[in-house]
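What follows is a short report on a single structure.
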Amino acid sequence: MKRFIGFIKKEFYHIFRDRRSLFILFGMPIAQILLFGFAITNEINNVDIAILDSSKDDVTEEIIHKISASKYFSIKQFIEKESDIKGIFKQGKVKAILNFEKDFSKNLVKDHKTTIQIITDATDPNTANTIANFVNAILQKYQKSLNEDLVVAYQIVPESRMVYNPELKSVYMFVPGVMTIILMLVSAMMTSISITREKEMGTMEILLVSPLKPIQVIVGKVFPYIFLSIINAVVIVVLSIFIFKMPVQGSLFLLALESILFIVSALALGILISTISATQQTAMMISLMGLMLPVILLSGFIFPISSMPVPLQLISNIIPAKWFIIIIKGIMLKGVGLEFIWKETLILLGMTVFFIALSVRKYKIRLA
């Protein structure tokens with residue numbers, strides 16, 4: 001019995017002595033609970049929208065004021081003509097545009113009927129549908145206030161039009177996210193485990209004293225995963241086109257280049273994980289819980305980032321998957337070119353360079 005109690009004490013000592021194990025045991029569950037609690041929501045808050053007001057009368061101003069006063073919408077900009085709508089959506093700055101018809105107030109008084117067109121970005125169908133419903137609710141409430149003392153009721157008829165995904169197919173939202181998750185899984189996790197395995201088995205030292213340079217050893221370890229990840233990306237795109245009938249409006253060449261950039265970024269992140277992982281188990285846990293959950297929750301894959309608390313919105317900016325999903329949706333669904341996604345591309349490229357530089361620095365310290 002004494003030996004058994006001593007063994008239990010020894011296990012406790014091992015756990016409390018290893019800070020990384022303590023972080024995985026206690027830090028990760030707390031982080032997951034907070035992420036799930038704050039990020040999983042179907043509500044919308046502070047969604048950026050644009051206004052096209054061709055009438056510019058008192059009624060339209062009152063409706064715009066009511067919409068801007070709600071917590072659900074934030075008016076990003078006012079546009080002057082309908083030809084600007086396509087460009088605004090391609091820039092990805094707004095999720096919806098409200099188009100007030102010309103002579104809005106006159107038509108309301110004369111015909112007791114007028115129209116507001118709700119144009120939403122349906123690359124995310126759930127958010128687009130929710131936006132349309134919330135705008136309709138605000139308009140119905142305003143319409144009810146107008147009709148309180150009238151015998152002939154005024155009618156404001158909203159007309160919704162979904163762009164890029166008129167049928168609201170959820171597969172259009174899930175394919176970019178699934179592609180991101182698979183590329184991250186194959187690239188980052190498998191790379192970190194592969195390198196950590198060599199360290200754990202003691203064969204990394206043998207490789208490092210071989211005629212090969214350390215950088216050659218690392219590149220040789222990760223190169224197969226570049227090839228496998230590219231194959232995965234091609235398979236996903238082919239399946240999305242022929243099985244799910246998902247359109248690719250933009251350039252396949254640009255899509256391939258952006259995918260390779262994201263793969264290299266994920267590989268560099270995997271190498272960085274291997275520098276702080278002593279065992280395969282640690283590398284796998286960090287890769288799964290430290291990467292997969294943020295990719296799912298904080299990348300905009302399922303839940304709109306604008307509805308999350310500000311701290312989580314700031315954290316989402318350092319997740320490469322967020323920028324890759326914006327890029328891939330823009331290319332596949334909106335048909336945009338590099339002129340519209342160059343900022344996201346530069347951010348992703350900067351992250352890649354940072355991960356590579358930090359990994360090289362870490363390995364130089366270890367090899368000194």
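A few points about this structure:
- Residue match in region 279-290 (condition: assigned by TED's automatic domain parsing to the domain that holds residue 354 and out of contact with any helix residue (DSSP H, G or I) (no Cβ under 8 Å at 6 or more places or on another chain)): yes
- Selection status of residue 116, modelled with pLDDT of 85 or more, in a strand (DSSP E or B) and buried (at least 17 other Cβ atoms within 10 Å of the Cβ): yes
- Scoring residue 108 on the criteria (1) closer than 24 Å to residue 122 by Cβ; (2) in contact with a helix residue (DSSP H, G or I) (Cβ under 7 Å, 6 or more places away or on another chain) leaves a single failure, condition (1).
- Residue in region 350-359 that is within 23 Å of residue 228 (Cβ to Cβ), at pLDDT below 80 and not assigned by TED's automatic domain parsing to the domain that holds residue 74 present: yes
- Whichever residue in region 67-99 is assigned to a loop (DSSP other than H, G, I, E, B) and modelled with pLDDT of 90 or more and, among such residues, is least open to solvent (accessible area, probe 1.4 Å): 94
Every residue, every condition in (1) free of Cβ contacts under 8 Å to residues at least 40 places away in the same chain; (2) open to solvent by less than 20 Å² (accessible area, probe 1.4 Å); (3) under 24 Å from residue 122 (Cα atoms), yes or no:
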position	(1), (2), (3)
256	yes, no, yes
270	no, yes, no
291	no, no, no
311	yes, no, no
322	yes, no, yes
328	no, yes, yes
332	no, yes, yes
340	no, no, yes
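- Filter pass, residue 102 being under 23 Å from the mean Cα position of the chain (by Cα) and open to solvent by 50 Å² or more (accessible area, probe 1.4 Å): no
- Filter result for residue 259 (at pLDDT 85 or above, assigned to a helix (DSSP H, G or I), hydroxyl-bearing (Ser, Thr, Tyr) and under 21 Å from residue 351 (Cα atoms)): yes
- Against the numbered list (1) in contact (Cβ under 8 Å) with a residue 24 or more places away in the chain; (2) open to solvent by 20 Å² or more (accessible area, probe 1.4 Å), residue 346 comes up short only at (1).
- None of 355, 301, 262 is touching a Pro at 6+ places or on another chain (Cβ under 7 Å), hydrophobic (A, V, I, L, M, F, W, C) and under 18 Å from residue 186 (Cβ atoms) except 262.
- The residue that is farthest from residue 326 (Cα to Cα), among those in region 293-309 that are among the aliphatic types (A, V, I, L, M) and open to solvent by less than 20 Å² (accessible area, probe 1.4 Å), is 308.
- Conditions (1) aliphatic (A, V, I, L, M); (2) open to solvent by 60 Å² or more (accessible area, probe 1.4 Å); (3) touching a residue at least 24 places away in the same chain (Cβ under 8 Å): number failed by residue 236: (2)
- Some residue of region 139-157 being over 18 Å from the mean Cα position of the chain (by Cα), within 23 Å of residue 305 (Cα to Cα), crowded, with 17+ Cβ neighbours inside 10 Å and modelled with pLDDT of 85 or more: no
The values are calculated or read from the model by the stated rules, or taken from the named source; none is laboratory data. Since the structure is predicted, the reported quantities are computational estimates derived from the model, not experimental observations. Please note: Cβ atoms are built from the backbone with ideal geometry, for glycine as well, and neighbour counts cover all protein chains shown. For the accessible areas, the whole protein counts, side chains as well, though only heavy atoms, and no ligand, DNA or RNA atoms are used. Shrake-Rupley method; radii C 1.70, N 1.55, O 1.52, S 1.80 Å.
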